[in-house]
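Notes for the one structure printed next.
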Amino acid sequence: MSVFRTKSIEQSIADTDEPEYQLKKSLTALDLTVFGVGVVIGAGIFTLTGRVAHQMTGPAIVISFVVAAVCCALAAMCYAEFASTVPVSGSAYTFSYASLGEVFAWIIGWDLILEMFLGASVVAQGWSAYLGVLLGKLGVPLPAAISYGGVIDLPAVLLIIGLGVLITVGIKESMRVNLVLVAVKLFIVLFVILAGLMFINPANYTPFIPDAAPSAATAGFSWTQPLLQWLTGSAPTAFGWSGVFAGAALVFFAYIGFDVVATTAEEAKNPQKDLPVGIIASLTICTILYAAVATVVTGMVNYTEIDPKAALASAFVHHGQSWMATLISAGAVAGLTTVVLTLMIGATRIIFAMSRDNLLPIGIAKVHPRFRTPWKISIIVTAVCALTAGLTPIGVLEEMVNIGTLSAFILVSIAVVVLRRKRPDLPRAFKVPFSPVLPIVSALICFYLTLNLSIETWLRFLIWMAIGFAIYAAYGVRKARLATGQALPHDVQQAMSEGVVKRPSDGSK
């Protein structure tokens, strides 16, 4: 019962043909690109841009976005190679199982559950906050007790329940709604860029890189200080080139989400071709839009006067355009809806992959006979996210989303190198260039970024991982299908003969 046992690529792909655990293949390259853009462009572009420019970089935030994009591109190429080679649900979990071994697969799966559960809940609360602002501007304020920051965040709960129903009904239906909302969001982002050009004052770009200065962080030990700062005893600074790179570490998290595209690999019509396109195209589009928005906002308002909480809307209010601010708030509501939707889909697919391997109870992995979605898992994800978003003040836990994501990036980057050595014979529709150099650089950069997270985030992360190891030791290590040799409960022929499922009309398996 070695914890380093690996699941073969062939077995992972064969499992996708088991009728009771078979997802519907309906996603195109366009669907996957929209899916990626939908989850990446969210709270980051509406709030993070102003905060980082105001506190860390000044107008040079554009450089920070480009640096962060280069770092993300390295990880994205690793994801693209794996997703085109192993087109199975589970993303980094599945990739790690095929290359590094079961214990690493469990670690990364447990990481991703944390990232997506918490991410969906956090963004749902942000959505509720924007909805409250929008309704307030429209003269229909919500009662304080049932709105953002109240006794229960009812709008966030209702949003998650509604999206939970949607992802249970079907992935294609979810994508149609996502397409509409992403179109609205992109319209708002392009509106900010084009309308903002009329209010740019070139003087606001000087100095482009403000002189370095001590940051407002307090000296001495603090649970909220970055781990790297505590380890090195260095004093934090803002602005200057050090501020630009520190800003890159912060805006990096505005890109988090492109990896969720890989969780839908099993539902892509042509995963070998479409997954690399979806992952890399969504990252490219988001980089261009982020850089353009950052350029416009820092040109409209001097970086010292930017409102860190609502930079885009306040920039237009600064120029007397309140109606534009209302429109942007509406766009934020639509934009954050897509983020919650895609994170919830990602969470269901991660748990689905782990359950199908019986690292979590296999019974919850069965798909609905009509909708072809893992409906039991969708209900679990919806219930947990709704309770977390509605009842928990989780703002202080947002960094845990980041540490879970970066941990996944590190393991995927390493796994690319390992699988290249173990299985050089596998057909790879996409290959990371200059391997193993670029994957190793990707892992090192991601590890550096984790060191810039706070000490309390690391502590909470270690506690979460300890809980995960306890579950794995008590259940997964003994019950896993690789340990027992157990097949999925019903094979294809038996299911066909019993009428459990019908073969699709197109003749596919």
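Just one of the numbered conditions (1) of a type in the set (Phe, Trp, Tyr); (2) over 21 Å from the mean Cα position of the chain (by Cα); (3) within 30 Å of residue 161 (Cβ to Cβ) is not true of residue 464; which one?
Evaluating residue 464 over (1) of a type in the set (Phe, Trp, Tyr); (2) over 21 Å from the mean Cα position of the chain (by Cα); (3) within 30 Å of residue 161 (Cβ to Cβ) leaves (2) as the failure.
How do the pairs read when you match residues in the range 380-392 that are closer than 16 Å to residue 345 by Cα with residues anywhere that are polar (S, T, N, Q), using Cβ under 7 Å and keeping only pairs 6 or more apart or on different chains?
381/348; 385/121
Is the range 196-203 home to any residue that is modelled with pLDDT of 80 or more, more than 24 Å from the chain's Cα centre (by Cα) and closer than 24 Å to residue 42 by Cβ?
Within the range 196-203 (the criterion being modelled with pLDDT of 80 or more, more than 24 Å from the chain's Cα centre (by Cα) and closer than 24 Å to residue 42 by Cβ), the answer is yes, since at least one residue qualifies.
Scan the range 148-197 for residues that are assigned to a helix (DSSP H, G or I) and of a type in the set (Gly, Ala, Ser) and jot them down. Lay out the reasoning, then the answer.
Within the range 148-197, the subset assigned to a helix (DSSP H, G or I) is 154-169, 171-197.
Hits for the range 148-197 are 156, 162, 164, 174, 183, 195, 196.
Which residues, taken from the range 12-50, are at pLDDT 80 or above and surrounded by fewer than 22 Cβ atoms within 10 Å (Cβ to Cβ)?
Those that are at pLDDT 80 or above and surrounded by fewer than 22 Cβ atoms within 10 Å (Cβ to Cβ): 28, 29, 30.
Kindly indicate whether residue 429 is farther than 26 Å from residue 250 by Cβ, among the small types (Gly, Ala, Ser) and touching a Ser or Thr at 6+ places or on another chain (Cβ under 7 Å).
Spelling it out, residue 429 is indeed farther than 26 Å from residue 250 by Cβ, among the small types (Gly, Ala, Ser) and touching a Ser or Thr at 6+ places or on another chain (Cβ under 7 Å).
Of the residues in the range 299-321, how many are part of a helix (DSSP H, G or I) and either at pLDDT 80 or above or over 21 Å from residue 127 (Cα atoms) (or both)?
Residues meeting the conditions: 9.
Return yes or no: is residue 280 in a loop (DSSP other than H, G, I, E, B) and under 16 Å from the mean Cα position of the chain (by Cα)?
No.
For the range 238-257, indicate whether the set of residues that are aliphatic (A, V, I, L, M) and without any contact (Cβ under 8 Å) to a residue 24 or more places away in the chain is non-empty.
No; the residues of the range 238-257 include none that is aliphatic (A, V, I, L, M) and without any contact (Cβ under 8 Å) to a residue 24 or more places away in the chain.
Restricting the search to the range 290-332, which residues are touching a His at 6+ places or on another chain (Cβ under 9 Å) and surrounded by fewer than 17 Cβ atoms within 10 Å (Cβ to Cβ)?
Step one: filter the range 290-332 for residues touching a His at 6+ places or on another chain (Cβ under 9 Å), giving 300-301, 303-308, 311.
Once the filter is applied, which keeps residues that are touching a His at 6+ places or on another chain (Cβ under 9 Å) and surrounded by fewer than 17 Cβ atoms within 10 Å (Cβ to Cβ), the range 290-332 yields 304, 305, 308.
So which residues in the range 247-277 are at pLDDT 75 or above and part of a loop (DSSP other than H, G, I, E, B), if there are any at all?
255, 269, 270
Do we have any residue at all in the range 53-66 that's of a type in the set (Phe, Trp, Tyr), farther than 13 Å from residue 286 by Cβ and buried (at least 24 other Cβ atoms within 10 Å of the Cβ)?
no
Filtering the range 231-246 down to residues that are outside any loop (DSSP other than H, G, I, E, B) and touching a strand residue (DSSP E or B) at 6+ places or on another chain (Cβ under 9 Å), which residue is modelled with the lowest pLDDT?
Filtering the range 231-246 down to residues outside any loop (DSSP other than H, G, I, E, B) leaves 231-232, 237-238, 240-246.
Those still in the list that are touching a strand residue (DSSP E or B) at 6+ places or on another chain (Cβ under 9 Å) too: 237-238, 240, 243, 246.
On the way: 237: 69, 238: 75, 240: 85, 243: 81, 246: 78.
It comes out as 237.
The values are calculated or read from the model by the stated rules, or taken from the named source; none is laboratory data. Here the structure is a predicted model, which is why all the values come from computation and not from measurement. Using ideal geometry, Cβ is built from the backbone for each residue, glycine included, and neighbour counts are taken over all protein chains shown.
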